[in-house]
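A.B. asks: Please read through the structure below; I'll follow up with questions.
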Amino acid sequence: MVLLTADLLASSVPSYYAIQKCARAALRTTASASHKRGVSASAVAPQNLPVTSSKDQRLLQRRQSIMGAASSSGGPTQPDAGRTGPDPKSVLQPEILLGPVDGCTAGTDTDTLLILGPGALCKAEDYVNLAIAVQEMLKDKVRLTVALLNINWAGLRFDDTGNPLGNATSEGIKQAIQNAQQYVNVPQAASAMRKDNVFLGGHSLMGPYMLEHALKQAGGLLLLASQALPSVSTTFPCFSTWTRPVLNVTGELDGQMLISQQAAAAVDAADNASRLSLHHVAAFQPVVFIPGVNHMQIGPGVEQCNPASSEPVDLEADISHEGATQRVATVMADFLAVHRASPALQKEATHRMVDRVVASAELIGPLVQASGRGDIAKLVRELAQDPHLPQPHLSARAGLTPRAVGGEVFPASLNDAGKWLAHPGELAAAEAAVVRAQQRVLACLPQALQDRVVIAATTHTDETPFLYNQPTIQRLPDGRVLLRPHVYLWRHFLETKQRVQAAVHPEYAMKLRTAGAVAGALGEQEELEKHRESTVSPTHLNNEILEDALKVLPEAARERYQKRGKKWHCSSRTDFSPPQWVQDEHVTFTDDGDITQINAPIVQTMLPPQPVADYDRGMGRFVGNLYFKVLSPARAMEWLMIDALRPTQLQPRPGGV
């Protein structure tokens, strides 16, 4: 392990970042040199580090003095004879261990160990800044030790049999607990015994690998721009079922772990707040979105983990890395204080967490509401008026739909992507959208005829029934007609290898009827002749959907889009065979300078010259039909908040299910 004492690198929050810029370079140099000589990196004092101020000079001299003392006293335990350092092929490398801040006034009863796992391709040293910031903020509240797991990504192949990363994580946690005993007393009597003063955290990919260990053995879990992905772990993805605290924190401008992917967690938290109290959820299952912060700023605070990659994977942040580290560390520090500080300090930290949960619900609320999952911003605002009391009646009043424990179920395999279960509210939103679209198509008819049309839409999540259904028109005994449009919800992220970065919210495949066909079914031949061809296309609908979405964006997101987002230009296409429409043709996003061309497929079947006897059977089911692909309101909002800010657009996978 690499031992660093936090006070060597910083004595106050404002100056730690400048020192750490020097320390990161020193860590690389000393770790490399020490491994070659077979000694621990912490026994080597860095030399000739640049400084930026007299205060930094004093801190650096202090660090060199203590590190020199460690070196002269023999430093940490030397490796076994004959060893030349860690095996470069080993997935797990020695961790970085940061002891409590020198001069920490918190009592030993608050001793806490935080073990952080790095995101994919990131190094342990990338998280030293964040770890020190958290320790400094807890200096008079919690006596915190931080262990940063060190994964050798070059030695890891994701196509390996077994679970090499999972095994390395498990072993790394054990080693970190053992090595941290010099700073914090962690129960060792039984390895499987829960350790209440140990908290596990994971950034990005490492979150799911920490999840099961946290559930069974730790005092709590910190998910940093991460979530419980079914491909890694299926253990309690719904955190309301957990018995231990879970912090879920994501940057608003995360281009990988999208806030739209975390929307379900925000709904779950809001619903739990109504049943258990907002105060309880803020302490035990807070979902926090940090404005202006992107994916990499949540942890290492660097623009890109893999400099060799030319693929843009993140969004441009609104704030500096230093500012982002401060914001993330503040949330982490308060969460740990809620569970490890004295009762008075716990109370103060919980109040601040309540404020963050409320602000986060306001940020994600419009997107959640557009998806059909309810108005969580309204719900949380009402709960905040008395945050200590459960108020379950408010959940239904805000439009939240009761759901089964575990939330929505998505396919585990891309081969199953054509069939899945959806949130009831999302299905209701899709049904309302296809009804609005059908009414928009019929708006050219006289109002008296529109009033004689009863629209009853059907929503599909199974592709096969949608393929074989048509938008039938049935004549009713009272002179009206029953029109049955259909809508299928297609999700980009279920059919792409870029599953994490891809859009979550669906586009709608709609089967509608032309105004001419409806007029014919009503016996209005003159209106039929006027409207044989539809004047409404996906171009019109997508424009209107995007304009409406822009109006209800949170103010900061709307201003950001207007300042630096790509403008849209909607169009429609017919250059494909009709059978391809359902499975192979989707809404595409193509950049043209600072404009994104949003192009949607359309098929229209023509009405025959002779009258049609029945529009709900035989060939009458197929004449005068409109087949549209359009954005859902939530997908439009997701594009405005995320994809319009990307350097290049992510495209749907060619082919289909």
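A.B. asks: Would you check which residues across segment 583-600 are of a type in the set (A, V, I, L, M, F, W, C) and open to solvent by 20 Å² or more (accessible area, probe 1.4 Å) and list them? Write out each step before concluding.
C.D. replies: Of segment 583-600, the ones of a type in the set (A, V, I, L, M, F, W, C) are 587, 589, 595, 598, 600.
Within segment 583-600, Ile595 is the sole residue that qualifies.
A.B. asks: Looking at (1) open to solvent by 30 Å² or more (accessible area, probe 1.4 Å); (2) of a type outside the set (Gly, Ala, Ser); (3) not in a helix (DSSP H, G or I), can you tell me which one Met619 breaks?
C.D. replies: Going through (1) open to solvent by 30 Å² or more (accessible area, probe 1.4 Å); (2) of a type outside the set (Gly, Ala, Ser); (3) not in a helix (DSSP H, G or I) one by one, Met619 breaks only (3).
A.B. asks: While we're looking at this one, here's another question. If Arg143 satisfies every condition in (1) open to solvent by 10 Å² or more (accessible area, probe 1.4 Å); (2) within 24 Å of Tyr209 (Cα to Cα) but one, which is the exception?
C.D. replies: (2)
A.B. asks: Going through Gly119, Gly219 one at a time, which residue ends up being in contact with an Asp or Glu (Cβ under 8 Å, 6 or more places away or on another chain), under 24 Å from Trp242 (Cα atoms) and at pLDDT 90 or above? Lay out the reasoning, then the answer.
C.D. replies: Numbers: Gly119 fails: in contact with an Asp or Glu (Cβ under 8 Å, 6 or more places away or on another chain).
The unique qualifying residue is Gly219.
Yes/no per residue for (1) in contact (Cβ under 8 Å) with a residue 40 or more places away in the chain; (2) under 30 Å from Thr472 (Cβ atoms):
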site	(1), (2)
Tyr561	yes, no
Arg564	yes, no
Thr574	no, yes
Ser577	no, yes
Tyr615	yes, yes
Lys629	yes, yes
Asp643	yes, no
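A.B. asks: Would you mention how many residues in segment 346-399 are hydrophobic (A, V, I, L, M, F, W, C), at pLDDT 95 or above and out of contact with any helix residue (DSSP H, G or I) (no Cβ under 6 Å at 6 or more places or on another chain)?
C.D. replies: 3
A.B. asks: When segment 588-605 is examined, which residues are found to be assigned to a loop (DSSP other than H, G, I, E, B) and either in contact with a strand residue (DSSP E or B) (Cβ under 6 Å, 6 or more places away or on another chain) or at pLDDT 95 or above (or both)? Reasoning before the result, please.
C.D. replies: Filtering segment 588-605 for residues assigned to a loop (DSSP other than H, G, I, E, B) gives 593-594, 605.
Within segment 588-605, just Thr605 meets the criteria.
A.B. asks: Between a residue in segment 375-395 that is free of Cβ contacts under 8 Å to residues at least 60 places away in the same chain and any residue that is crowded, with 18+ Cβ neighbours inside 10 Å and of a type outside the set (Asp, Glu), which pairs come within a Cβ distance under 7 Å, given they are 6 or more apart or on different chains?
C.D. replies: Partner pairs satisfying both residue conditions: Asp375/Gly365; Asp375/Gln369; Asp375/Ala398; Ala377/Ala361; Ala377/Gly365; Lys378/Ala398; Arg381/Val358; Glu382/Leu394.
A.B. asks: Another one. Restricting attention to segment 334-364, and to residues there that are part of a helix (DSSP H, G or I) and among the polar types (S, T, N, Q), which single residue is surrounded by the fewest Cβ atoms within 10 Å (Cβ to Cβ)? Show your work before the answer.
C.D. replies: Taking segment 334-364 first, the residues part of a helix (DSSP H, G or I) are 334-340, 343-364.
Then keep just the ones that are among the polar types (S, T, N, Q); that gives 346, 350, 360.
Values: Gln346: 17, Thr350: 22, Ser360: 28.
By that ranking, first place goes to Gln346.
A.B. asks: Quick one: Ala263 ticks every box in (1) modelled with pLDDT under 90; (2) in contact with a helix residue (DSSP H, G or I) (Cβ under 9 Å, 6 or more places away or on another chain); (3) aliphatic (A, V, I, L, M); (4) over 30 Å from Arg564 (Cα atoms) bar one, so which box is it?
C.D. replies: Checking Ala263 against (1) modelled with pLDDT under 90; (2) in contact with a helix residue (DSSP H, G or I) (Cβ under 9 Å, 6 or more places away or on another chain); (3) aliphatic (A, V, I, L, M); (4) over 30 Å from Arg564 (Cα atoms), the one that fails is (4).
A.B. asks: It is to be established whether one or more residues within segment 475-482 are free of Cβ contacts under 8 Å to residues at least 60 places away in the same chain, within 30 Å of Thr250 (Cβ to Cβ) and surrounded by fewer than 22 Cβ atoms within 10 Å (Cβ to Cβ).
C.D. replies: No, there is no match, as no residue in segment 475-482 is free of Cβ contacts under 8 Å to residues at least 60 places away in the same chain, within 30 Å of Thr250 (Cβ to Cβ) and surrounded by fewer than 22 Cβ atoms within 10 Å (Cβ to Cβ).
A.B. asks: Of all residues being of a type in the set (Asp, Glu) and not in a helix (DSSP H, G or I) in segment 249-287, which is surrounded by the fewest Cβ atoms within 10 Å (Cβ to Cβ)? Just the residue, please.
C.D. replies: The first filter runs over segment 249-287 and keeps only residues of a type in the set (Asp, Glu), leaving 252, 254, 268, 271.
Going one step further and asking which of them are not in a helix (DSSP H, G or I), we end up with 252, 254.
Details: Glu252: 23, Asp254: 27.
Looking at residues that are of a type in the set (Asp, Glu) and not in a helix (DSSP H, G or I), I get Glu252.
The values are calculated or read from the model by the stated rules, or taken from the named source; none is laboratory data. Just so you know, these numbers come straight off a predicted model, no measurement behind them. Methodologically, a virtual Cβ is constructed for each residue, glycine included, from the backbone with ideal geometry; neighbour enumeration extends over all protein chains shown. SASA here: full protein model, heavy atoms, side chains in, ligands and nucleic acids out. Shrake-Rupley method; radii C 1.70, N 1.55, O 1.52, S 1.80 Å.
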